[in-house]
Amino acid sequence: MLQNALLAVAITLLYFSRHYSPLLAAIGFCIIGYQVTDALIPRVSPSFVKIGLFGKDLSKPGRPVIPESIGAVSAMVYLFLLFFYIPFLFYKYLVVITSGGGHRDVSVMESTHDEYLFPHGKMSEYLSAVLCLQSIVILGMADDLFDLRWRHKFFLPAIAAIPLLVVYYVDFGVTYVLIPDIIRKWVDTPRTAVNLGGFYYLYMASMAIFCPNSINILAGVNGLEVGQSVVLCIISLINDSLYLTLGTEASKEAHRFSAILIIPFLGVALALWKWNKWPSKVFVGDTFCYFAGMIFSVVGILGHFSKTTLLLFIPQTFNFAYSSPQLFGLVPCPRHRMPRFNENDGLMYPSRADLIEHPPQKVMVPVLKILHALKLIDIETDIKKNMIISCTNMTLINLVLVWFGPMREDKLCNRILTIQLAVGLLAIFGRHVVGSLIYGHDNIQFL
Ligand code: UD1
Ligand code: MG
């Protein structure tokens, strides 16, 4: 009953979108995406297990086997939604009368609400986004199937981003960044922007690597991969709404594009979350982590607000920086750094890296002691031998456990998501207040 009502709402939104705004169609596709993904997941999951795509839930008694890589279902539904979305975005360019032979005789402007529609040139950007997201799904699936080595899979997103960067080069090609007012006054230059040239492409490729990987390594607790993506959607959409209501014309277009990609993603992600949240019935796989991260990179790159996108990723950036001693081999990094599940009390405890068998680099010993003094890690020391025998794995998840003590897996996930939401909202607020101070202006008009 509720499903039919929701479907009716979605179809109504799709119908009226041509008269009002493509954003209505995005909400319609969000609802359809949710329903289709939710219906598909239980139906296709057994087939994933049959071909060996399953994983053990390491934080449950008996370590039950669960279908893995189910994020691929959300990703495929999302990509199909993006295909079906094309006529809703670009219908004003549809050819309605033709004399045949492939002639485009008359194309009719069907709407008077022209200001809500994308110009045709946006289509190349849109298709490059689709191509880039398709590539990341293929590479993500390769990782889930072959369990690639970390140092190899780390760079996969940069390869998937090639279509995006090439279209950016051909179509837009802007490689200038604004110089903050403070720096302009300091170096006393009249220039307002600096051309980064090829470095700008390097910066965009780094962003494409960073966002997917940073979601993938903030993982290991039921629901966290999808939950953080949902929170990222919410914060992004709040930011987009600010621009769409109060922004300048140029920023409105970029943020409309962002909302158009993110709203349908929210639908498929929420359906996946329903099945992945504690106690998980499916795992999302690296396909989903890469795919989700790539959506935010694409939106930031094509919308030309990649610095703001990075602000939304503050918790993931912290987790990445905090993890770096383990990621770069200065401190041993076990295959899984997720918290340790204690079957006796059902709670999660910080997991540890064994430093006896695999001692850390010498330079890290004082660093570990300082981190311990700052309560950023917990260490175990052998007083007789005056050596550190273990330290907690350096992830935000373990850090939350070090700070707040052991807790149940769902509580832990919710605590991290709450921190992420609070930090994200503060970041947006800071972006507009501090941004207007640093750059001397802001592109929303009430500040
Ligand atoms: C990343 C992390 C790793 C973490 C893992 C958890 C780094 C460098 N890598 O590795 O530390 O342990 O994600 O996803 O930080 N699993 C659960 N419960 C969950 C989620 C996953 O038990 O809620 C287990 C399952 O056995 C599942 C496996 O983790 O099969 C998936 O791990 P995978 O995504 O392949 O790990 P990585 O992304 O390589
Ligand atoms: Mg993973």
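Run down the lysines and flag those whose C-alpha is under 20 Å from the C-alpha of K122, throwing out any fewer than 8 positions away in its chain.
Within the straight-line limit of under 20 Å, K122 reaches these lysines: K92, K252.
Just read off the accessible area of V433 with the full protein assembly in place, 1.4 Å probe, to the nearest 10 Å².
Answer for V433: close to 60 Å² accessible.
Would you please classify the overall shape of region 258-385 from the alpha carbon gyration tensor, given that a ≥ b ≥ c denote the square roots of the eigenvalues, rounded means a/c under 1.5, and beyond that prolate means a/b larger than b/c while oblate covers the rest?
The shape class here is oblate.
With N set to the number of residues, divide the alpha-carbon radius of gyration of the chain by 2.2 N^0.38 Å and report two decimals.
1.06
Hey, what did the chain get for relative contact order, percent, Cα under 8 Å, at least 6 apart?
Reported as a whole number, the value is 18 percent.
Using a 1.4 Å probe, how large is the accessible area of D410, given in Å² and rounded to the nearest 10?
Accessible area, nearest 10 Å²: 30 Å².
Ignoring everything except DSSP H segments at least 4 long, calculate the 222 nm mean residue ellipticity for the chain; use -39,500 (n - 2.57) per segment, divide by total residues, nearest 500.
Calculated from helices alone, the mean residue ellipticity at 222 nm is -20000 deg cm²/dmol.
Select from V367, V187, V36 the residue whose mean-square fluctuation is largest in a Gaussian network model of the chain (Cα-Cα springs shorter than 10 Å).
V187
Do any trypsin sites (Lys or Arg not before Pro) in region 304-351 lie in a DSSP loop with no more than 14 other beta carbon atoms within 10 Å, and if so, which?
Details: sites: K307, R335, R337, R340; in loops: R335, R337.
Taking region 304-351 and a limit of 14 other Cβ atoms within 10 Å, the loop trypsin sites (Lys or Arg not before Pro) found are R335.
Report the residue, chosen from G220, G329, G267, that carries the largest GNM mean-square fluctuation when the chain is represented by alpha-carbon nodes joined by springs under 10 Å.
Maximum fluctuation in the GNM of the chain, among the listed residues, is at G329.
For region 1-99, just say rounded, prolate or oblate: build the C-alpha gyration tensor, square-root its eigenvalues into a ≥ b ≥ c, call rounded for a/c under 1.5, and beyond that prolate if a/b exceeds b/c, oblate if not. Show your work: numbers first, answer last.
Working: a/c = 3.59, a/b = 2.33, b/c = 1.55.
Because a/c hits 1.5 or more and a/b exceeds b/c, region 1-99 counts as prolate.
Out of S297, L133, L376, whose Cα points farthest toward the positive end of the dipole of the chain (charges: +1 Lys, Arg; -1 Asp, Glu; placed on Cβ)?
The Cα lying farthest towards the positive end belongs to L376.
Could you check which residue among L196, L133, L327 shows the biggest mean-square fluctuation in a GNM of the chain with a 10 Å Cα cutoff?
L196
Would you work out if region 340-407 is rounded, prolate or oblate? Take a ≥ b ≥ c from the square roots of the eigenvalues of the alpha-carbon gyration tensor; rounded if a/c is under 1.5, else prolate when a/b is larger than b/c, oblate otherwise.
Cα axes put region 340-407 in the prolate bin.
Which of the chymotrypsin sites (Phe, Trp or Tyr not before Pro) found in region 242-304 are in a DSSP loop and have at most 15 neighbouring Cβ atoms, other than their own, within 10 Å?
Here no chymotrypsin sites (Phe, Trp or Tyr not before Pro) fit, given the DSSP loop and packing criteria.
Please work out the C-alpha center-to-center distance from region 54-81 to region 353-414 and express it in whole Å.
Each part reduced to its Cα centre gives a spacing of 30 Å.
State which stretch of the chain is the longest one without any exposed GluC sites (Glu not before Pro), exposure meaning a DSSP loop state and at most 15 other Cβ atoms within 10 Å.
Longest gap between qualifying sites, sites excluded: 111-342.
Give the aspartates and glutamates whose C-alpha is closer than 15 Å to that of K369, dropping any in the same chain fewer than 8 places away, or say none.
Partners within reach: D378, E380, D382.
The values are calculated or read from the model by the stated rules, or taken from the named source; none is laboratory data. Predicted model, so just to flag it, every value in this text is computed and none were measured. Neighbour counts run over all protein chains shown; Cβ positions are idealised from the backbone, glycine included. These area figures cover heavy atoms from the full protein model, side chains too; ligands, DNA and RNA do not enter into them. Shrake-Rupley method; radii C 1.70, N 1.55, O 1.52, S 1.80 Å.
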